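Below: the structure, in structure tokens.
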Amino acid sequence: MNLRITPEIQAALDQYPAGPIRLDSDDDNNPVFLLRLDDIANLQEVVDGRIQEKLAEADADIKAGRVSEWDIDQLKRKARDQHSNPNQN
């Protein structure tokens, strides 16, 4: 399938030279997003950077002793308590 860019889409591309462009359909409520190839590469860089930041934060927390033991039973109890008493958090 070979699709053509309509004048309306080209105007949107010209108006917003970077980032995703939302296209709304007249037929249904499912929007479509148009991305340039460069935007996809940039998005991957952003995601990778955020992952690296979070890993560095976690490493700093571990080194500073800001960690806790994984206690699955305690987590289950807390979840059950919150589920049985939804107004208490």
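The values are calculated or read from the model by the stated rules, or taken from the named source; none is laboratory data. Bear in mind the structure is a predicted one, so any value in this text is a computation, not a measurement. For neighbour counting, all protein chains shown are included, and Cβ atoms are generated from backbone atoms with ideal geometry for every residue, glycine included. Quick note on the areas: whole protein, heavy atoms, side chains included, nothing else; ligands and nucleic acids left out. Shrake-Rupley method; radii C 1.70, N 1.55, O 1.52, S 1.80 Å.
Put simply, the stretch 22-63 fits an ellipsoid with semi-axes of 36, 14, 4 Å; these come from the alpha carbon gyration tensor as the roots of five times its eigenvalues, largest first.
Whole-Hz Karplus values for the stretch 28-35 come out as 8, 9, 9, x, 10, 10, 9, 10 Hz, taken residue by residue from phi with 6.51 cos²θ - 1.76 cosθ + 1.60 and θ = phi - 60°; glycine and proline positions read x. What's the angle, to the nearest 10 degrees (0 to 90), between helix 72-84's Cα axis and the longest principal axis of the chain? For helix 72-84, the angle is close to 70 degrees.
The angle between the Cα long axis of helix 37-63 and the main principal axis of the chain comes to about 10°, on a 0 to 90 degree scale. Using a cutoff of 8 angstrom between alpha carbon atoms and counting only pairs six or more residues apart, the relative contact order for the chain works out to 13 percent. Computed with a 1.4 Å probe over protein heavy atoms only, the accessible surface of the chain comes to 96 Å² per residue. Rounded to the nearest whole angstrom, the semi-axes of the ellipsoid equivalent to the chain, taken from the Cα gyration tensor as √(5λ), stand at 44, 24, 10, largest first.
Placing unit charges on each Cβ (+1 for Lys and Arg, -1 for Asp and Glu) gives the chain a dipole about its Cα centre, and among Val32, Gln74, Val46 the Cα reaching farthest toward its positive end belongs to Gln74.
With all protein chains in place and a 1.4 Å probe, the accessible surface of the chain carries 52 percent carbon and sulfur.
Using only side-chain charges placed at the Cβ, +1 for Lys and Arg and -1 for Asp and Glu, the dipole size of the chain relative to its Cα centre rounds to 440 debye. Think of the chain as having a plus end and a minus end, set by charges on the Cβ of Lys, Arg, Asp and Glu; of Ala11, Ile21, Pro86, Pro86 sits farthest toward the positive end of this dipole.
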